1. Quick one: compute the contact order of the chain, relative version, from alpha carbon pairs under 8 angstrom and 6+ residues apart, as a percent.
2. Set Lys and Arg Cβ to +1 and Asp and Glu Cβ to -1, take the dipole of the chain about its Cα centre, and tell me which of Ala86, Ala99, Leu47 lies farthest positive.
3. To the nearest 20 Debye, how big is the dipole of segment 1-106 about its Cα centre, given +1 on the beta carbon of each Lys and Arg and -1 on that of each Asp and Glu?
4. For segment 22-29, just list the computed ³J(HN,Hα) in residue order, Karplus coefficients 6.51, -1.76 and 1.60, θ = phi - 60°, integers in Hz, with x standing in for Gly and Pro.
5. When a/c is below 1.5 the answer is rounded, else prolate if a/b is larger than b/c, else oblate, so apply that to segment 27-126 with a ≥ b ≥ c taken from the square roots of the Cα gyration tensor eigenvalues.
Amino acid sequence: VLAQAVEHPAAADQQAVLGTIRAQLEAFQADDGARAFSYATPRLRDLFQTPENFMAMVRGGYQPVYRPQSVEFLDARIIDGRIAQAVRFVGPDGAAVIAIYTMERQPDGSWRIAAVQLIPTGEVTS
């Protein structure tokens with residue numbers, strides 16, 4: 001049985017996805033909740049209702065993404081028609097995590113963040 005080939009996103013889609021993630025990270029750094037919230041899918045925005053609710057969730061559960069010491073973009077793959085973009089963050093406490101961003105293309109062609117899963121690496125930097 002042949003292993004299924006890994007499908008990577010087209011370069012233009014990859015650049016658009018990275019642009020969306022970078023823009024949200026910049027909004028977090030500026031504590032611009034409305035702008036950060038705008039990069040979430042409509043389904044996520046419906047779930048959280050307001051930028052304030054969204055930012056409270058990010059501050060509470062996503063400190064490495066909210067206040068990273070470092071950010072490194074890793075590989076991207078296509079899974080079930082969505083782009084899964086891996087990003088390595090070192091959080092404010094020095095602990096490294098891999099964030100898997102699930103990206104969904106919107107009807108206007110833009111990419112929005114549908115989910116972010118944090119996977120601890122066990123690494124701690126000083």
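1. 22
2. Selected residue: Leu47.
3. Taking the Cα centre of segment 1-106 as origin, the dipole is about 60 debye.
4. 4, 5, 5, 4, 4, 5, 4, 4
5. Oblate, since a/c reaches 1.5 and b/c is not below a/b.
Computed from the coordinates by the stated procedures, all read-outs in this text should not be read as laboratory data. The structure displayed is predicted, hence computed values, not measured ones. Neighbour counts are summed over all protein chains in view; Cβ atoms, including those assigned to glycine, are modelled from backbone coordinates with ideal geometry.
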